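Okay, structure first, notes after.
Every read-out reported here was derived from the displayed coordinates using simple, explicitly stated rules and does not represent laboratory data. A quick note: this is a predicted structure, and the numbers were derived from the prediction, not measured. All Cβ positions, glycine included, derive from the backbone under ideal geometry; neighbour counts span all protein chains shown.
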Ligand code: F6R
């Protein structure tokens with residue numbers, strides 16, 4: 001695991017952007033993408049650059065169940081707004097949250113992941129150590145599945161909604177097994193509230209109680225932190 005502790009989000013996002021660029025120059029064609037606040041600086045770098053992503057494929061980690069792609073709280077909308085409108089990809093995949101037939105969504109997404117193996121995966125991490133929407137207890141070999149979000153995750157995500165009652169309680173997510181198949185993983189984490197999860201991910205026991213601890217077994221992962229997120233590292 002390569003760990004980079006940076007001055008701030010700006011420097012971290014610049015480093016992530018450079019690493020992604022290097023991967024693309026070296027032939028990466030399929031990018032795994034995340035939503036949330038952690039990759040926003042990276043997406044800003046991507047949209048303000050002159051780099052053309054229109055021959056690449058993107059595959060997002062997850063989507064809330066029950067939200068239409070046009071819903072401003074959906075991850076479809078988030079990606080369109082923060083990246084795809086300015087930088088279109090050849091194909092962009094996000095689980096279809098408006099399809100309540102979970103088996104159909106899951107089979108389709110697993111097929112997509114089998115067709116387009118991810119070269120570089122961008123990740124954030126939840127305060128409870130989740131990656132994607134893989135909550136504590138998720139098996140490390142899991143594929144795409146539907147999850148019930150924990151109260152901790154619903155509360156953490158409530159900041160994007162008018163009230164925590166509006167936060168969907170279920171999501172479709174790529175599994176840990178699919179995430180760790182990526183050739184290179186770039187994980188971004190910022191702020192004090194991530195410090196505990198980051199320390200457990202890096203120095204703790206490899207356990208399903210901390211989903212991100214599965215990443216200790218990955219051969220090529222770069223973790224980019226600000227000082228606050230790195231503050232509990234031994
Ligand atoms: C988002 C995702 C989540 C987030 C995590 C951190 O697609 O899969 O695992 O990466 O919840 O969220 P932020 O970056 O908002 O702190």
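Overview of results
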| item | result |
| --- | --- |
| Qualifying positions in the range 85-109 - out of contact with any helix residue (DSSP H, G or I) (no Cβ under 6 Å at 6 or more places or on another chain) and free of Cβ contacts under 8 Å to residues at least 24 places away in the same chain | 85, 101, 103, 104, 107, 108 |
| All positions within the range 107-128 that are more than 9 Å from the ligand (Cβ to nearest atom), more than 15 Å from residue 221 (Cβ to Cβ) and buried (at least 24 other Cβ atoms within 10 Å of the Cβ) | 109 |
| Matching residues in the range 57-102 - criterion: being away from the ligand (no atom under 15 Å from the Cβ) and either surrounded by 23 or more Cβ atoms within 10 Å (Cβ to Cβ) or on the phi > 0 side of the Ramachandran plot (or both) | 66 |
| Total residues in the range 197-217, condition under 16 Å from residue 132 (Cα atoms) and outside any helix (DSSP H, G or I) | 3 |
| Subset of the range 177-196 (residues that are assigned to a helix (DSSP H, G or I), crowded, with 23+ Cβ neighbours inside 10 Å and within 12 Å of the ligand (Cβ to nearest atom)) | 179, 194 |
| Out of 32, 27, sole residue that is within 24 Å of residue 175 (Cβ to Cβ) and either within 12 Å of the ligand (Cβ to nearest atom) or in a loop (DSSP other than H, G, I, E, B) (or both) | 32 |
